[in-house]
Every structure is written in structure tokens, then in C-alpha cells.
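The structure appears below as C-alpha cells.
The values are calculated or read from the model by the stated rules, or taken from the named source; none is laboratory data. The model shown is predicted, which means the values in this text are computed figures rather than measured ones. Every residue, glycine as well, gets a Cβ built from its backbone with ideal geometry; the counts of neighbours run over all protein chains shown. For the accessible areas, the whole protein counts, side chains as well, though only heavy atoms, and no ligand, DNA or RNA atoms are used. Shrake-Rupley method; radii C 1.70, N 1.55, O 1.52, S 1.80 Å.
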Amino acid sequence: MKWTRQDLKSYIQAKAYVDTVLVPLIPVSFEKMDEDMIAIAFQKEVLDIMVLELEKEFKGRILALPPYIYESIDQDEVRRLNRFTEKMDKLPFRHIFYISFDQGWKVKEKDLDGTLIWIPVAKDGDIHAKVTQNMVKDHIQQIRDLIKNYWNS
Amino acid sequence: MSEDKKKQVSRRQFLNYTLTGVGGFMAAGMLSPMLRFAIDPVLKAQGGGDFVAVVEVDKITTEPQRFDFTIEQVDAWYESEVTKSAWVFKQEDGSILALSPICTHLGCVVSWEGSENHPERFYCPCHDGLYYKDGVNVPNTPPTEPLHVYDYKIQDGMLYLGKAKPREEA
Ligand code: FES
């Protein structure tokens, strides 16, 4: 389910069945080199598609949140994300997944309260090109299996 | 005094503009269904209804296979291409059954033999929903109705799919 009026209505009816949240972690910063800004914008586009597809596949069990925006990853940012996660944890969701292409989170993984799904997304490409599409499909397939594994464990 | 008058005029002007705006909007609203009404039959005839070519009929086996296809979807804001899927197979009497993969419980995507523990069933990974091969939900699993069935037709050896509809009660 998505963070939309219609889907949230369904969510409220079916809370007991929706035990998983998916939080896309998206960096937004102007204090970067031009190429780096372009790269994170591209990576964000790719991540959007992945989240969309995963939500479609697991509509009845996953609530996909709007992006969680941050500027840079430091201890303060880790605390902020954990505070946000804590509130969801109380709801209760059994599985809280962050999804991100940022290595910065990978490094801090052990300090995070949710489960990080880190995907090494290419820094450049054409979202409409066949190669990119195949790469994205491949990633989606793997994340799908990963999520199912978490559910079954 | 004169200040006040100015204000009033401008307020009336403002109202005027707004109303014209709304009126124009309403007129457009009235026009567009009429236009659509006029254009629609032509479009339909060209596209062969809302049916989309999906797969050659001779590729369809008695084992359900998943085929993807794209349709144009128009909502209030965007026109977009949406990928749909169907589980298609030949039934015992030779007729074709094309099932929607959307679980009737809460909308996850089901797959044929998606769980090793449940051979010969459609399986929903979200809450272990099960369906028999003909799409009917297995009692005591979360889904409460059968998988929806696509309208289909065959033309020149191609399978065309239309809309997925709830199974009619037998
Ligand atoms: S969405 Fe398929 S069993 Fe719940």
C-alpha cells in the first residue's frame, strides 16, 4: 500500500495484515559537486521505480512510505532516523525496512534500528534504456526474495 | 473614501474573474465528455476494443504461464503505460483461462506453485493465500473470492486480453 488517501483507508481496515514498512532513504543536498547531484537524482529515480514495483508485488502486506529525506549522514542523522523508526515500531510493524543506495548508511548499518536494504545503484544511466531496465528488474527480483526470506524467518 | 471604493471595485473584479474562470472550467467539463463520446467509438473500432495482444496461442500450455503486457491507462492527471500480467493456460476442454495475478484478499501478486509446500496451487506470499488451478480460492485461506478472469479473444493465432472481471457466481 502507498501513502495515499485510498491506500491508507485500506491500511486502516487491514492493519493486522500489514506488518511491514518500507522507507526509502533519499539524500537531497546542494553542497555537492554538480555530477554528484545528478548522480543522486538518477539513483533516486531508480529507487522510486524499485519501491513502486515492490509495493505492487506486496501490496497487501507492505506500506511504502514517502521518501525520508536527509542531507548528510552523521550521528545526528542516525539518531533522527532511529527516532522516526521507534514510533513505527510502537504501531507495531514487525518489519521495518530502509531501502537506500547510499553507502553512508551501509557503514552505519549496525547503529540502525530498522533493517537496511542497500542496493548499489549505478551513478549514471538512462532510466528508459533496456540495460537499466534489466538491471533494475534484476535488483527487484533479489530484493523480493530477500523480503520473503525475512518474512519466513 | 475613495480608497474604500477602489477596494470594492477590485473585489468585484476579482469575483468576476473567478466566476468567469469557473464558468470556463465548467464549460470545458461539459464539452470533454461530449468530445469523448464522439471520438470514442472510432478509437475503439481501430484498437479492436480494449483488447491487447499478449501471446501466440500455440505458446499456451496446460501449465499456467505468466505473461506480461502493457496497456494505456488514463486517469484524471496522467496518461501512462501500465504493465499487467496474466496467468494463462489451456483447460481440459481446450478453452483458455487467463487469470489476474492480483490476490483478492489485499492485492499482492500470486504465482503458480509459488510455494514449495503447495504444489498445483496459486500462492500468495503475503498471507499464504491459496487458489486452485481454476482460480477458485481455497477455503480457510485469507482470500474470500476467486481470482479475477480476463476477457479474451483469439484472432489470427494471437491471444488478446481485455479487462479482468470478478468471477461470476456459478
Ligand atoms: S494479500 Fe494475498 S493472502 Fe493476503
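Figures for the structure shown
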| read-out | value |
| --- | --- |
| Test: residue in region B:136-154 that is within 13 Å of the ligand (Cβ to nearest atom) and of a type in the set (D, E, K, R) | yes |
| Leading residue by the ranking (nearest to the other protein chains (Cβ to nearest Cβ)) among those in region B:94-117 that are away from the ligand (no atom under 16 Å from the Cβ) and surrounded by 14 or more Cβ atoms within 10 Å (Cβ to Cβ) | B:Ala98 |
| Among the candidates A:Ile69, A:Ile49, A:Ile96, A:Ile62, residue that is over 24 Å from A:Asn149 (Cα atoms) and of a type in the set (Val, Ile, Thr) | A:Ile69 |
| Counted residues, region B:64-93 - those being away from the ligand (no atom under 16 Å from the Cβ) and open to solvent by less than 40 Å² (accessible area, probe 1.4 Å) | 7 |
| Selection status of B:Leu130, aliphatic (A, V, I, L, M) and away from the ligand (no atom under 12 Å from the Cβ) | no |
| Sole exception among (1) modelled with pLDDT of 95 or more; (2) touching a strand residue (DSSP E or B) at 6+ places or on another chain (Cβ under 6 Å) for B:Glu81, by number | (1) |
| Some residue of region A:31-41 being in contact with an Asp or Glu (Cβ under 7 Å, 6 or more places away or on another chain), away from chain B (no Cβ under 14 Å), of a type in the set (Gly, Ala, Ser) and within 23 Å of A:Trp118 (Cα to Cα) | yes |
| Check on A:Met50, aliphatic (A, V, I, L, M), farther than 16 Å from A:Gln103 by Cα and modelled with pLDDT under 95 | no |
| Residues being more than 26 Å from B:Pro125 (Cα to Cα) and open to solvent by less than 50 Å² (accessible area, probe 1.4 Å) - total across region A:117-153 | 6 |
| Qualifying residue in region A:36-57 (condition: farther than 23 Å from B:Thr83 by Cα and open to solvent by 60 Å² or more (accessible area, probe 1.4 Å)) | yes |
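Residues checked against (1) closer than 24 Å to B:Val57 by Cβ; (2) at pLDDT below 95; (3) outside any loop (DSSP other than H, G, I, E, B); (4) within 14 Å of chain A (Cβ to nearest Cβ):
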{"site": "B:Leu130", "(1), (2), (3), (4)": "no, no, yes, no"}
{"site": "B:Gly135", "(1), (2), (3), (4)": "yes, no, no, no"}
{"site": "B:Pro142", "(1), (2), (3), (4)": "no, no, no, yes"}
{"site": "B:Tyr152", "(1), (2), (3), (4)": "yes, no, yes, no"}
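Yes/no per residue for (1) away from chain B (no Cβ under 14 Å); (2) within 23 Å of B:Pro143 (Cβ to Cβ); (3) within 12 Å of the chain's Cα centre (by Cα):
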site: A:Lys9; (1), (2), (3): no, yes, no
site: A:Pro24; (1), (2), (3): yes, no, yes
site: A:Glu53; (1), (2), (3): no, yes, yes
site: A:Glu57; (1), (2), (3): no, yes, no
site: A:Pro67; (1), (2), (3): yes, no, yes
site: A:Ser72; (1), (2), (3): yes, no, no
site: A:Arg94; (1), (2), (3): no, yes, no
